[in-house]
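Before any comments, here is the structure.
The values are calculated or read from the model by the stated rules, or taken from the named source; none is laboratory data. Note that the structure is a prediction, hence the values are computed from the model and not measured. Every residue, glycine among them, receives a Cβ derived from its backbone with ideal geometry; neighbour counts consider all protein chains shown. Note: accessible area is taken over every heavy atom of the protein model, side chains too, but ligands, DNA and RNA are not part of it. Shrake-Rupley method; radii C 1.70, N 1.55, O 1.52, S 1.80 Å.
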Amino acid sequence: MSFGRLERASASQPMSDINMTPLIDVMLVLLVIFIITAPLMSTSLRLDLPKAAGATPSAAPSAVAVAVDGQGQFFWGDEPVKAEQLQARVREAASRDPGTEVQLRADQAVPYGRIAELIGLVQQAGLVRIGFVTEGQPPR
């Protein structure tokens, strides 16, 4: 009888390579999610523009005040006017001084299309300097 040593198979060595397959799968899934959601995020911006902390009245030498209320009615100063009357008054102000600034005040509920229409009227009448008047945020 021989007495010998029982040889054991050497223990398996730990794997030193990183398995890249799960990492690549996760990256591809994230890429697909970002590709799908990126266009949706850019088209559904919700903005609340009428309040601005840095808004201060400008010191323009000559300015006219134009406003639009919540129902879309135009105002020249505090007087309600129709679109044709507004354009005639702006044209008159432009003939006196082409550098006159239009200070535009608009209610928060007014649709953007109505504001764009007002800006178009003012530009067609000859004034191109338009300033948007906002309400400052209260100090904290």
Computed from the beta carbon distance with a Förster radius of 30 Å, FRET efficiency for Arg114 and Leu40 to the nearest 0.05 stands at 0.65
HN-Hα couplings for segment 103-111 via Karplus (6.51, -1.76, 1.60; θ = phi - 60°), in whole Hz with x for Gly/Pro, come out as 9, 9, 10, 9, 5, 5, 8, 6, x
Val26 and Val128 label points (each 7 Å along its Cα→Cβ direction) are spaced in nm at 5.5
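Compare Val68, Val133 by solvent-accessible area with a 1.4 Å probe and give them largest first, with all protein chains kept in place.
Val133, Val68
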The ³J(HN,Hα) series, computed from each phi in segment 63-68 with the Karplus coefficients 6.51, -1.76 and 1.60 at θ = phi - 60°, rounded to the nearest Hz and given as x for glycine or proline, is 8, 10, 9, 10, 9, 10
Placing each pseudo-label 7 Å from Cα in the direction of the beta carbon, Ser12 and Ser95 end up separated by a distance in nanometres of 9.5
From most to least accessible, 1.4 Å probe, no ligand or DNA/RNA atoms counted, Phe34, Phe75 line up as Phe34, Phe75
